[in-house]
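Below is one structure, written out as structure tokens; the observations come after it.
The values are calculated or read from the model by the stated rules, or taken from the named source; none is laboratory data. Fair warning: this is a prediction, and the values are worked out from it, not measured in the lab. Ideal geometry is used to build each Cβ from the backbone, glycine not excepted, and the neighbour counts take in all protein chains shown.
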Amino acid sequence: MIDLLVTNASELVTCRAEPGGAVGRAIERLEVIPDGAVAVDRGRVIAVGPTRRLRRMYRARRMLSARGRLVSPGLVDPHTHLVFAGSRHHEYETIVTGRSNPGRRLEGGIRSTVSQTRAASHAALRTRALDDLDVMLLHGTTTVEIKSGYGLDQATELRLLRVIHGLRHSVDVVGTFMGAHVLPAEYADKRDAYVDLVIRTLPKARRYAEYCDMWRDTIGFTETECLRVAAAAVRLGFKLKLHVDQVSPAGGAELAARLGATSADHLDYISARGIRAMRRSRTVGVLLPTVTYHMLEMMPRTERGRSKPAEKAFWPALIRSMIDGGMRLALSTDYNPGTSPTPSMQAVMQAAARLYRLGYAEIWHMSTINAAWALDRGSDRGSVEPGKRADLLVWRVPEHGMVINRFGVNLVDTVVKNGRVVVEAGRMTAPPRASLR
Ligand SMILES: [Zn+2]
């Protein structure tokens, strides 16, 4: 007798791929099992196949009929700034109406979130984060990465990391220290002193965070500064992530590949050299299409401290050159109050089709198995196959393309996390917060 048998999926999308993720032509080949079923025991998938075969093989304590609907792996969101205070909707209105020059608004906007976050209590930050995790779970995200980086002083950065580390929720949380997010205003002409502070914070941050992230860009940190932080972080056992080339071509992708970072995120201004360097590495490129959607031409381009109107590379051609260049790629929300105030991976999947002109198979791989590899967890989750964690979604629609084509509504019906049904008919079945159990 096994714990759970999910049956009668019109399509079971497994998102199975080679170790390292779906790359090159393989990203277009999505495994779809018609009338599919999944056998689950002790939190893990033990068998996958047609319903008729699995029904013959197993008796289960709980049967879950997908009733002719799509079944997929849980979505993985490998880049968020989920713990913050306040809202930046006023700033957004001035930007969209053109009443303010986007200029250095991005940097200024991050600093405004920093001052609100510094003023917020641990309890307030935690409550808000748990509410956001509820929303993510209901929208199908079962694993999420969360960064600090809205503290920019030692006490607040560590407070944010303690909040992240202490989140007990059905959604699995992976913590990242991002002291090197932007230079805080009070260090405007003391760059080295701030980098020293980040390095001094690393040993304490290591208790709560698995990754160290830094922003390599003209409005973030220089290559030399990033190398200093990275060297100290690696000595303490951190794995690396980098925000790169978001507002200008800064050689960030090359740096991430050279450092052996787990991921290099944003990449709007990646160069041909950057693509070659990434292909030769194991570093996953993480694309953030809801940032593109939300900001579009309003994202400033900054060079040598001067803001210019954005002259974006044509995204579809740019991203196609990354795929054709053999890069491994994932998708993420970059959930944050300024440039991407959505916690929904469904919104990301839809924006990826519309703005990056990616195909459905590419988008599914990038939101599941490749996103799991962007968190070094691809051998544990991100696909439906024997041995993997049983994180499964039953959707309200019968075909995987419909999830990407329809937009503005939540299409998740049921969420299974570690073999347990935690969302049913679009509602949470039990308190998702471990502290309440
Ligand atoms: Zn980010």
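Could you identify the single residue in 408, 387, 419 that is over 26 Å from residue 322 (Cα atoms) and touching a Leu at 6+ places or on another chain (Cβ under 7 Å)?
419
Go through region 17-55 and give me each residue that's more than 27 Å from the chain's Cα centre (by Cα) and free of Cβ contacts under 8 Å to residues at least 24 places away in the same chain.
Residues satisfying the conditions are 49, 50, 52, 53.
Regarding region 87-94, can at least one residue be identified that is touching a helix residue (DSSP H, G or I) at 6+ places or on another chain (Cβ under 7 Å), over 24 Å from residue 331 (Cβ atoms) and not in a strand (DSSP E or B)?
For region 87-94, residues touching a helix residue (DSSP H, G or I) at 6+ places or on another chain (Cβ under 7 Å), over 24 Å from residue 331 (Cβ atoms) and not in a strand (DSSP E or B): present.
Could you check region 201-217 and list, in sequence order, the residues that are within 16 Å of the ligand (Cβ to nearest atom) and either over 16 Å from residue 230 (Cβ atoms) or at pLDDT below 95 (or both)?
Within region 201-217, 217 is the sole residue that qualifies.
In region 142-155, which residue that is over 15 Å from the mean Cα position of the chain (by Cα) and crowded, with 19+ Cβ neighbours inside 10 Å is nearest to the ligand (Cβ to nearest atom)?
Applying the first criterion (over 15 Å from the mean Cα position of the chain (by Cα)) to region 142-155 yields 149-155.
Right, trim to crowded, with 19+ Cβ neighbours inside 10 Å and you get 149-152.
Working: 149: 8, 150: 11, 151: 15, 152: 14 Å.
Filtering region 142-155 for residues that are over 15 Å from the mean Cα position of the chain (by Cα) and crowded, with 19+ Cβ neighbours inside 10 Å, the one nearest to the ligand (Cβ to nearest atom) comes out as 149.
In contact with a helix residue (DSSP H, G or I) (Cβ under 6 Å, 6 or more places away or on another chain), of a type outside the set (A, V, I, L, M) and surrounded by fewer than 19 Cβ atoms within 10 Å (Cβ to Cβ): which single residue out of 41, 77, 35 fits that description?
From the options 41, 77, 35, the qualifying one is 35.
Quick check on region 192-200. Is at least one of its residues out of contact with any Phe, Trp or Tyr (no Cβ under 7 Å at 6 or more places or on another chain), acidic (Asp, Glu) and at pLDDT below 95?
No, there is no match, as no residue in region 192-200 is out of contact with any Phe, Trp or Tyr (no Cβ under 7 Å at 6 or more places or on another chain), acidic (Asp, Glu) and at pLDDT below 95.
Looking at this structure, is residue 292 at pLDDT below 95, within 16 Å of the ligand (Cβ to nearest atom), under 16 Å from the mean Cα position of the chain (by Cα) and hydroxyl-bearing (Ser, Thr, Tyr)?
Numbers: at pLDDT below 95: yes; within 16 Å of the ligand (Cβ to nearest atom): yes; under 16 Å from the mean Cα position of the chain (by Cα): yes; hydroxyl-bearing (Ser, Thr, Tyr): yes.
Spelling it out, residue 292 is indeed at pLDDT below 95, within 16 Å of the ligand (Cβ to nearest atom), under 16 Å from the mean Cα position of the chain (by Cα) and hydroxyl-bearing (Ser, Thr, Tyr).
If only one of 383, 379 is away from the ligand (no atom under 16 Å from the Cβ), in contact with a strand residue (DSSP E or B) (Cβ under 7 Å, 6 or more places away or on another chain) and part of a loop (DSSP other than H, G, I, E, B), which one is it?
It is 383.
Any idea which of (1) more than 16 Å from the ligand (Cβ to nearest atom); (2) free of Cβ contacts under 8 Å to residues at least 40 places away in the same chain; (3) under 22 Å from the mean Cα position of the chain (by Cα) is the one residue 192 doesn't satisfy?
(3)
With 138, 82 as the choices, which residue is away from the ligand (no atom under 16 Å from the Cβ), of a type in the set (A, V, I, L, M) and buried (at least 17 other Cβ atoms within 10 Å of the Cβ)? Outline the logic, then answer.
On the way: 82 fails: away from the ligand (no atom under 16 Å from the Cβ).
Answer to the check: 138.
Mind counting the residues in region 302-334 that are at pLDDT 90 or above, outside any loop (DSSP other than H, G, I, E, B) and hydroxyl-bearing (Ser, Thr, Tyr)?
Result for region 302-334: 1.
Restricting the first residue to region 211-226 and requiring it to be assigned to a loop (DSSP other than H, G, I, E, B), which pairs with a second residue that is within 12 Å of the ligand (Cβ to nearest atom) meet a Cβ separation below 6 Å and a spacing of at least six or different chains?
These pairs meet every condition: 217/246.
Can you find a residue in region 98-115 that is free of Cβ contacts under 8 Å to residues at least 12 places away in the same chain, at positive phi and surrounded by fewer than 20 Cβ atoms within 10 Å (Cβ to Cβ)?
Within region 98-115, one or more residues are free of Cβ contacts under 8 Å to residues at least 12 places away in the same chain, at positive phi and surrounded by fewer than 20 Cβ atoms within 10 Å (Cβ to Cβ).
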